[in-house]
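Worksheet: the structure to be examined is printed underneath.
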Amino acid sequence: MNVIAQTPRLNDPIERGIAAYLDEIVALRHDLHQYPELAFQERRTSKLIASHLSSWGYEVTAGIAGTGLVATLKRGNGERRIGIRADMDALPIEEATELAYASNNPGVMHACGHDGHTTILLTAARYLAESGTFNGTLHLIFQPAEEIGAGARKMISEGLFERFPVDAVFGLHNWPGVPSGQFGFVAGAAMASVDQAKIRIVGKGGHGAEPHRAVDPVLASASFITALQSVVSRNVDPQEMAVATVGSIHAGSASNVIPESVELKLTMRAFTETVRQQLQQRIPALARAQAESFGAVAEVDYRLGFPALINHGGETGFARQVALDTFGPARVEEGFKPRTASEDFAFMLQAKPGSYLFVGNGDTAPLHSAHYDFDDAIIAPAARYWVRLAETFLN
């Protein structure tokens, strides 16, 4: 489709500049969508990004956290430094959109819009290189492996902010269900922490006709799953948020056999460290107690993932004001609520001040759905926003 034709008026110079090559940029997004790559495998994606950035005059440093890269552009003698981050990886999902540019890689899909995030930042990068007016240092961070919660942490551990110092770092995510092109900002906890647990409840296998001779781990598991929600409803402060989800249960293979064990996989989410720690303590204890009450044993492997994403107040206020100045109040969602999904940009915000914002993707399938479709119409306004944010911050 021709996205330019959908823009009724181009009063802003940034808007006009981006419109001049928007169809080319949309084609790039479609290309990225056709060739998605999983976490730490984003080799084609990274090379393509580096090639464009180098041609626009950026100093590109590749190979950070394997496939990650940083593109740097300096103007004037200003001492201010800003980082803007986009994620690059895809998900292990078989695409079901039937788009003309659907994934060519079986079982891999950009079902979270990271191809869109990358394209948005590349669009802004091109404008800033060709026409940007700022006085300072711009670091564009293209991060691998967000979907497995490992990319940001690995980039930081490899000296991201020592090698590319920033005074603040910003990122964004598209969000289905929010009107296309609307911006949302949350100061404080904006996205939840996420931790995982693998619980194996071990009983004693036996014949389905003689349950008294066995110790049924399926029954013990069912009781645990029911009791699990009491942690949220009875242990966590009702004014706080917690989510405990059992996403996988595996046991046995025959209807007349009581299996030896059951394996459950869980995710836990919270907005505060206090609640996060509470879940970490209560869920293993509950699993063991429930199993013991049936004569079984619970083996618990509880692993911390990444923390809640906490936006810094000053930087979030600044980011919101840029959106108001650029688009007016009608395009900024009032009372935008925190999301209970998780995001490893949280590690960057632990290391540096900054903010993570949201842009509406319209009435589309949800994130991580095989039917999800990134809305190309948000590329131009989101890129325009990044340009305004960078120029305002660095001037």
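The values are calculated or read from the model by the stated rules, or taken from the named source; none is laboratory data. What you see is a predicted model, and the numbers here were worked out from it, not measured in a lab. Note that we place each Cβ from the backbone using ideal geometry, even for glycine, and neighbour counts take in every protein chain shown. Protein only, heavy atoms only, side chains kept; ligands, DNA and RNA dropped before computing areas. Shrake-Rupley method; radii C 1.70, N 1.55, O 1.52, S 1.80 Å.
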- Message: I need the full set of residues from region 180-228 which are touching a strand residue (DSSP E or B) at 6+ places or on another chain (Cβ under 7 Å) and either modelled with pLDDT under 95 or charged (D, E, K, R) (or both), in order please.
- Response: Asp195, Lys198, Arg200, Lys204, Arg213, Asp216
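For region 355-369, which residues satisfy the criterion of being farther than 24 Å from Trp386 by Cβ and open to solvent by less than 30 Å² (accessible area, probe 1.4 Å)? Quick ask: steps written out before the conclusion?
Here is the first cut: in region 355-369, the ones farther than 24 Å from Trp386 by Cβ are 363, 365-366, 368-369.
Answer for region 355-369, where residues must be farther than 24 Å from Trp386 by Cβ and open to solvent by less than 30 Å² (accessible area, probe 1.4 Å): Ala365, Ser369.
Does Ala50 satisfy the criteria of being in contact with a strand residue (DSSP E or B) (Cβ under 8 Å, 6 or more places away or on another chain), open to solvent by 10 Å² or more (accessible area, probe 1.4 Å) and without any contact (Cβ under 8 Å) to a residue 40 or more places away in the chain?
Against the criterion (in contact with a strand residue (DSSP E or B) (Cβ under 8 Å, 6 or more places away or on another chain), open to solvent by 10 Å² or more (accessible area, probe 1.4 Å) and without any contact (Cβ under 8 Å) to a residue 40 or more places away in the chain), Ala50 qualifies.
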- Of all residues in region 2-42 being of a type in the set (D, E, K, R) and surrounded by fewer than 16 Cβ atoms within 10 Å (Cβ to Cβ), which is modelled with the lowest pLDDT? Arg9
- Of all residues making up region 96-130, the number that are surrounded by fewer than 24 Cβ atoms within 10 Å (Cβ to Cβ), in a helix (DSSP H, G or I) and hydrophobic (A, V, I, L, M, F, W, C): 1
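Is it the case, given these coordinates, that Ala168 is closer than 30 Å to Ala287 by Cβ and either modelled with pLDDT of 95 or more or buried (at least 19 other Cβ atoms within 10 Å of the Cβ) (or both)?
no
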- Flagged in region 295-335 as of a type in the set (A, V, I, L, M), touching a Lys or Arg at 6+ places or on another chain (Cβ under 6 Å) and either free of Cβ contacts under 8 Å to residues at least 40 places away in the same chain or not in a strand (DSSP E or B) (or both), in numbering order, are Val322
- Message: Which condition from (1) open to solvent by less than 60 Å² (accessible area, probe 1.4 Å); (2) assigned to a strand (DSSP E or B); (3) closer than 29 Å to Asn395 by Cα; (4) out of contact with any Asp or Glu (no Cβ under 8 Å at 6 or more places or on another chain) is the one that Ala62 breaks?
- Response: (1)
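When you scan region 147-163, how many residues do you find that are under 13 Å from the mean Cα position of the chain (by Cα) and either open to solvent by less than 10 Å² (accessible area, probe 1.4 Å) or hydroxyl-bearing (Ser, Thr, Tyr) (or both)?
Pass one, region 147-163, residues under 13 Å from the mean Cα position of the chain (by Cα): 147-152.
Retained after the next criterion (residues that are either open to solvent by less than 10 Å² (accessible area, probe 1.4 Å) or hydroxyl-bearing (Ser, Thr, Tyr) (or both)): 149, 151-152.
The total comes to 3.
Is it the case that Thr72 is open to solvent by less than 10 Å² (accessible area, probe 1.4 Å) and polar (S, T, N, Q)?
Numbers: open to solvent by less than 10 Å² (accessible area, probe 1.4 Å): no; polar (S, T, N, Q): yes.
In short, no.
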- Message: Would you confirm, using the coordinates I've provided, whether Leu264 is assigned to a helix (DSSP H, G or I), open to solvent by less than 50 Å² (accessible area, probe 1.4 Å) and either within 30 Å of Gly136 (Cα to Cα) or of a type in the set (A, V, I, L, M) (or both)?
- Response: no
- open to solvent by 50 Å² or more (accessible area, probe 1.4 Å) and touching a Phe, Trp or Tyr at 6+ places or on another chain (Cβ under 6 Å) - does that describe any residue in region 77-94? no
- Listed by first then second residue, the pairs whose first member lies in region 355-383 and is over 21 Å from Phe327 (Cα atoms) and without any contact (Cβ under 8 Å) to a residue 60 or more places away in the chain, whose partner is basic (Lys, Arg) and open to solvent by 10 Å² or more (accessible area, probe 1.4 Å), with beta carbons under 9 Å and at least 6 positions apart or on separate chains, are none
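Give me a count of the residues in region 22-52 that are β-branched (Val, Ile, Thr) and not in a helix (DSSP H, G or I). Spell out the reasoning first.
Keep residues of region 22-52 that are β-branched (Val, Ile, Thr), which gives 25-26, 45, 49.
From what is left, the residues that are not in a helix (DSSP H, G or I) are none.
Residues meeting the conditions: 0.
Please verify whether region 267-288 includes one or more residues that are open to solvent by less than 50 Å² (accessible area, probe 1.4 Å), more than 22 Å from Ala341 (Cα to Cα) and in contact with a strand residue (DSSP E or B) (Cβ under 7 Å, 6 or more places away or on another chain). Break it down stepwise before answering.
First pass over region 267-288, keeping only residues open to solvent by less than 50 Å² (accessible area, probe 1.4 Å): 267-268, 270-272, 275-276, 279, 283-287.
Now restrict to residues that are more than 22 Å from Ala341 (Cα to Cα): 284-287.
Now restrict to residues that are in contact with a strand residue (DSSP E or B) (Cβ under 7 Å, 6 or more places away or on another chain): 284, 287.
So far as region 267-288 goes, yes, one or more of its residues are open to solvent by less than 50 Å² (accessible area, probe 1.4 Å), more than 22 Å from Ala341 (Cα to Cα) and in contact with a strand residue (DSSP E or B) (Cβ under 7 Å, 6 or more places away or on another chain).
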- Any residue in region 134-145 that is open to solvent by 10 Å² or more (accessible area, probe 1.4 Å) and in a loop (DSSP other than H, G, I, E, B)? yes
- Query: Inside region 221-245, can you point out the residues that are open to solvent by 40 Å² or more (accessible area, probe 1.4 Å) and under 30 Å from Ala209 (Cα atoms)?
  - Reply: Ala222, Ile225, Thr226
- region 229-250 residues that are at negative phi, paired with ones that are exposed (fewer than 13 other Cβ atoms within 10 Å of the Cβ) and charged (D, E, K, R) (beta carbon under 9 Å, 6 or more apart): none
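Yes or no: Leu309 within 30 Å of Gly171 (Cβ to Cβ) and aliphatic (A, V, I, L, M)?
Numbers: within 30 Å of Gly171 (Cβ to Cβ): yes; aliphatic (A, V, I, L, M): yes.
Considered against the rule, which asks whether it is within 30 Å of Gly171 (Cβ to Cβ) and aliphatic (A, V, I, L, M), Leu309 comes out as yes.
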- Task: Identify, from the list Phe393, Phe374, the residue that is buried (at least 21 other Cβ atoms within 10 Å of the Cβ), under 16 Å from the mean Cα position of the chain (by Cα) and not charged (D, E, K, R).
- Result: Phe374
